[in-house]
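Undergrad: Before I ask anything, let me first share the structure, which is written out below as C-alpha cells.
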Amino acid sequence: MKQNVEQLLRSGQSVIVPVAGYSMYPLFKPQDQITIEPAGIQDVKPGNIVLFRDHQNRLAVHRIYEVGDGEFSAVGDNQTMIEEGILFGNLIGLVTAVGRSGKLKSLTGRKAAVYARYKFFTLRYRKVTHRLIKALKSKK
C-alpha cells in the first residue's frame with residue numbers, strides 16, 4: 001500500500017489514508033484519516049505537514065520546522081527530536097485535512113498556521129516535559 005500511495009501522489013492524484021502511530025498526536029490519532037495532496041517545492045514552508053521519505057527511507061508525516069537550501073527539517077507534534085537534512089526530492093505530499101468521527105478538519109489556512117506556531121513555541125517545553133516524565137518513571 002505504501003508504494004501505491006507514493007505512486008499515486010507522484011502521478012498527481014490525492015489520497016486518503018489511515019493514521020498509524022502517535023508522532024503527530026493529538027492532531028492525528030490512530031484511526032483518523034488524512035488527506036494528502038501532491039506536493040511541490042512551493043509547499044516546503046515551515047508549519048506545513050508533509051509526507052516524505054526519512055533518512056531510513058521510511059514514509060513519515062511530520063511538520064516542517066525549518067527550510068534551508070534544498071533541504072528542510074521536520075518534527076512530529078508529539079516528538080522532541082528534529083529530523084534535519086531532508087532533501088526536497090524526498091517530499092511526496094502535503095497533508096491538507098484530517099477526518100475523525102465523520103468530520104473533516106482543514107489543515108490549511110489561518111487556524112492551522114496559528115496552531116503550527118503554537119507547536120513550534122512549545123517544542124522546547126516538550127523536551128523538558130519528556131525528560132521529566134522519563135526521570136519520574138525511572139524512580140519507580
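Read-outs: derived from the displayed coordinates by stated rules, not from any lab. Nothing here was measured: the structure is a model prediction, and the numbers come from that model. Because the Cβ atoms are built from the backbone with ideal geometry, glycine has one as well, and the counts that use them run over all protein chains shown.
Undergrad: Classify the range 24-71 as rounded, prolate or oblate from the Cα gyration tensor: take a ≥ b ≥ c as the square roots of its eigenvalues, call it rounded if a/c is under 1.5, otherwise prolate when a/b beats b/c and oblate if not.
TA: It is prolate, given that a/c is not under 1.5 and a/b is the larger ratio.
Undergrad: Given H placed on each backbone N at 1.01 Å, which residues far from Asp32 in sequence or on other chains put an amide H within less than 5 Å of it?
TA: Residues meeting the amide H criterion: Val19.
Undergrad: Of the listed pairs Lys45/Lys134; Lys29/Lys127; Lys45/Lys111; Lys45/Lys137; Lys29/Lys111; Lys29/Lys105, which have alpha-carbon separations greater than 25 Å here?
TA: Working: Lys45/Lys134 32 Å; Lys29/Lys127 21 Å; Lys45/Lys111 16 Å; Lys45/Lys137 37 Å; Lys29/Lys111 19 Å; Lys29/Lys105 13 Å.
From the list (Lys45/Lys134; Lys29/Lys127; Lys45/Lys111; Lys45/Lys137; Lys29/Lys111; Lys29/Lys105), the Cα-Cα distance tops 25 Å for Lys45/Lys134; Lys45/Lys137.
Undergrad: Rounded to whole Hz and in sequence order, give me ³J(HN,Hα) for the range 54-63 from the Karplus expression 6.51 cos²θ - 1.76 cosθ + 1.60, θ = phi - 60°, writing x for Gly and Pro.
TA: Rounded to whole hertz, the list is 7, 5, 9, 6, 8, 6, 9, 10, 9, 8.
Undergrad: If you build the Cα gyration tensor of the chain and take the root of 5 times each eigenvalue, what three semi-axes come out, in whole angstrom, biggest first?
TA: 25, 18, 15
Undergrad: When only C-alpha pairs under 8 Å and at least 6 residues apart count, what is the relative contact order of the range 2-138, in percent?
TA: 22
Undergrad: Same structure again: Taking amide H atoms as placed 1.01 Å from N in the peptide plane, list the residues 5 or more away in sequence, or in a different chain, whose amide H sits under 5 Å from that of Leu94.
TA: Glu37, Ala39, Leu51
Undergrad: Divide by every residue of the chain the summed helix terms, -39500 (n - 2.57) for each DSSP H run of at least 4, and state the resulting mean residue ellipticity at 222 nm, rounded to the nearest 500 deg cm²/dmol.
TA: -9500 deg cm²/dmol
Undergrad: Once the dipole of the range 2-138 is set up with Lys and Arg at +1 and Asp and Glu at -1 on Cβ about the Cα centre, which of Val15, Gly102, Val5 lies farthest towards its positive end?
TA: Result: Gly102, furthest along the dipole toward the positive end.
Undergrad: With 10 angstrom as the radius, rank Val67, Val17 by how many other C-beta atoms surround their C-beta, starting from the fewest.
TA: Sorted ascending by nearby Cβ count, the order is Val67, Val17.
Undergrad: Can you sort Asp69, Asp77, Asp43 so the residue with the fewest Cβ neighbours within 10 Å comes first?
TA: Asp69, Asp43, Asp77
Undergrad: What order do you get for Lys111, Lys45 when you list them from fewest to most C-beta neighbours inside 10 Å?
TA: Fewest-to-most ranking of Lys111, Lys45: Lys111, Lys45.
Undergrad: Please give the helix 110-138 orientation as an angle from the longest Cα principal axis of the chain, in degrees from 0 to 90, rounded to the nearest 10.
TA: 40
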